[in-house]
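Here the structure is laid out as structure tokens; the discussion comes afterwards.
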Ligand code: HEC
Ligand code: HEC
């Protein structure tokens, strides 16, 4: 079934046309206008429905304490409203939880861009990493098989018996349904302030050189000089979680490091020139997803714009594109109005949220070891 909620309006074609061929090779919008509009992917309803229940089911975490929706909360634009994320009980997170709205249209994921293949891999990482859901795939499969509602839903979705492979397909199918709705920028209903902001965004302020395409990101990493969030190093639980991550990622000198090295983990350049680079995030749905940046150090959009206006932060690897912009106070406010016009309706209704209580009141399969998978 094809869902096409988004019509291309003439207002959208006014954007400056930039050349962004390679960055958008994987995108549905390869080689089109510099910014927007968005095109919803096709959705298989039975698979997405199953994925929705799984997304809201705490039994997908090792000790059944958290679900995907514990951190990716519908009422916060599928982020969590915190500077730094929570984590599996016994650890604490060291990154800001990104929105999942439109994540199905992205070409790489995580603040350091460490996964650029597909959402099946991203889902696996979320489920199995010990500081996230800390779940063993085999245990997950057995748990899901015990629940007669799932047995029926997997069958109805055409997956046959529950398996961990189909769980990792069903959740991304649900993510395909999380697409921006009713966005002033897409609808051509922007205020005059937002229109002035768009002109600055594409002109004098130069934002569009990194924030372009339908998601307002070129999917590349840059160093814009965002300061460290000191809580990662002062809170022993966050610090330990980061140290374990850094060790696993092969980060040089991980025991002594006191900063989030970001995209350095991708190429590990010997001169450390990727330290402090982070993936350019989408600018859609920002109204729902404060605080901002990989470590949540900005509370408001005005603070972010003022930060760019001042020439970004201080860092030896600072990207040369980041320099003082000389914007007036009124111009900065117009850019904020444009950023706000990139947000749509909250996705908090029953089409996007699993609302039925998930019952675990069913008889256990006693001889589960003998029941074939
Ligand atoms: C404990 C909190 C937590 C839970 C539970 C969690 N996530 Fe996440 N998720 C995060 C954080 C934090 C990041 C960013 C990680 C990074 O950049 O290193 C993230 C990133 C993602 C991304 C990439 C988004 C982007 O734009 O880069 C996807 C997709 C995602 N999570 C999906 C899921 C799914 C599906 C589940 C359930 C299977 C899940 N998450 C469970 C906290 C969580
Ligand atoms: C050199 C590329 C580049 C340019 C130019 C640029 N940005 Fe960014 N932007 C980034 C990167 C990279 C991040 C993420 C940094 C981080 O997480 O530490 C970011 C983050 C943001 C965020 C935070 C989003 C979130 O969800 O956390 C906003 C808002 C933003 N930029 C707006 C703008 C505006 C407005 C301009 C123009 C004044 C601009 N950017 C110019 C690369 C750029």
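The values are calculated or read from the model by the stated rules, or taken from the named source; none is laboratory data. Keep in mind that this is a model prediction, so the values were computed, not measured. Counting neighbours? That spans all protein chains shown, and the Cβs are built from the backbone with ideal geometry, glycine included.
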- Message: Cβ-Cβ distance below 7 Å, separation of 6 or more or different chains: which pairs start in segment 121-142 with a residue that is farther than 16 Å from residue 90 by Cβ and end on one that is in a helix (DSSP H, G or I) and near ligand 1 (Cβ under 8 Å from one of its atoms)?
- Response: 123/171; 123/172; 126/68; 127/60; 140/60; 140/127
- Of all residues in segment 220-251, how many are within 16 Å of ligand 2 (Cβ to nearest atom) and in contact (Cβ under 8 Å) with a residue 40 or more places away in the chain? 13
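Among 298, 307, 278, which is the only one that is more than 16 Å from ligand 1 (Cβ to nearest atom) and touching a strand residue (DSSP E or B) at 6+ places or on another chain (Cβ under 6 Å)? Can you show your working first?
Working: 307 fails: touching a strand residue (DSSP E or B) at 6+ places or on another chain (Cβ under 6 Å); 278 fails: more than 16 Å from ligand 1 (Cβ to nearest atom).
Within the list 298, 307, 278, the selection yields 298.
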- Message: Residues that are more than 18 Å from residue 347 (Cβ to Cβ) and more than 11 Å from ligand 1 (Cβ to nearest atom): does segment 102-111 have at least one?
- Response: no
- Note on the structure: When segment 10-57 is checked residue by residue, the ones that are part of a loop (DSSP other than H, G, I, E, B) and at pLDDT 50 or above are 34, 36, 37, 38, 39, 40, 41, 42, 43, 44, 56, 57
- Item | Unmet requirement for residue 79, which otherwise passes all of (1) out of contact with any strand residue (DSSP E or B) (no Cβ under 8 Å at 6 or more places or on another chain); (2) more than 21 Å from residue 169 (Cα to Cα) | (1)
- Message: Please go through segment 64-83 and give me each residue that is more than 8 Å from ligand 1 (Cβ to nearest atom), assigned to a loop (DSSP other than H, G, I, E, B) and in contact (Cβ under 8 Å) with a residue 12 or more places away in the chain, ordered by number.
- Response: 65, 77, 78, 81, 82, 83
- Considering only residues of segment 130-167 that are surrounded by fewer than 18 Cβ atoms within 10 Å (Cβ to Cβ) and part of a loop (DSSP other than H, G, I, E, B), which is nearest to ligand 1 (Cβ to nearest atom)? 130
